[in-house]
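Here's the structure, in structure tokens; my notes come after.
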Amino acid sequence: MALSKENAQALNAGFLDFLKAHFPQWLEHVRILRDEDAGQDFLGLTIPDPSGITHEHPLEISTWGEEITVFFGDFHTHFSWPEGFDGSDSYGQIIDFLQALLNEDIIIASVWKEDRMRLSSTAHPGDLTKFSDVPAGDHELRIASWRGTYDRRFPVDWQSYLKASHS
């Protein structure tokens, strides 16, 4: 469902206000992008990687559509922006998610077979112990963390990984 032009503008303005209040250092990275099919502008920003780190898939945020989408590593998540587009219902969730990611309280875990991703999710650094106990197999577990502290890749057995990730 496409946003009306007025609601898209309100979403973009509300998100800019959110950035000004909570992450003013990111304002210089905001780009205005165009969805030609919908005839509407949306905001996109790519957060610079920490010094000494280059992420394959950097931290990005978008206002495309009816929500705020945060991308990092092989993972993305959506935060609704209420009908009035003041964002107040999602502010806390977005702040909590971004702070946890930046503080490395959460990491991104994705499982690949050859060039195809099977799943991606968030995990906690403490989960790495149980993941390292998973037998090797024909899949690859890729861990991404903001400062690179937990970044690693290792082979895993798919079924064993699924069991470990739900224990």
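Every number here is computed from the coordinates shown, using simple stated rules; none is lab data. Please read these numbers as outputs of a predicted model, since none were measured by experiment. Cβ coordinates were reconstructed from backbone atoms using ideal geometry, including for glycine residues, and neighbour counts include every protein chain displayed.
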Item to complete: Can you tell me the alpha carbon radius of gyration of the chain divided by the globular rule-of-thumb value 2.2 N^0.38 Å?
Response: 1.15
Worksheet item: Do the sum for the chain: with -39,500 (n - 2.57) for every DSSP H run of n ≥ 4, divided by all residues, what is the mean residue ellipticity at 222 nm, to the nearest 500 deg cm²/dmol?
Response: -8500 deg cm²/dmol
Worksheet item: In nm, to one decimal, how far is the residue 138 label point from the residue 80 one, both placed 7 Å along Cα→Cβ?
Response: 4.1 nm
Worksheet item: Excluding same-chain residues fewer than 8 positions from residue 113, which aspartates and glutamates have a Cα within less than 17 Å of its Cα?
Response: 74, 138, 140, 157
Item to complete: Sort 95, 108, 143 so that the residue with the fewest other Cβ atoms within 10 Å of its own Cβ comes first and the one with the most comes last.
Response: 95, 143, 108
Fill in: Mean separation of Cα contacts under 8 Å, 6 or more apart, over the residue count of the chain: relative contact order %
15 percent
Worksheet, complete the sentence: Highest GNM mean-square fluctuation among 46, 129, 54, for the chain with Cα springs under 10 Å, belongs to 129
Practice prompt. Could you calculate the FRET efficiency of residue 162 with residue 115 from 1/(1 + (r/R0)^6), where r is the beta carbon distance between them and R0 is 30 Å, rounded to 0.05?
Written response: 0.90
Item to complete: Pop the C-beta distance of residue 21 and residue 149 into the FRET formula with R0 = 25 Å and round what comes out to the nearest 0.05.
Response: 0.35
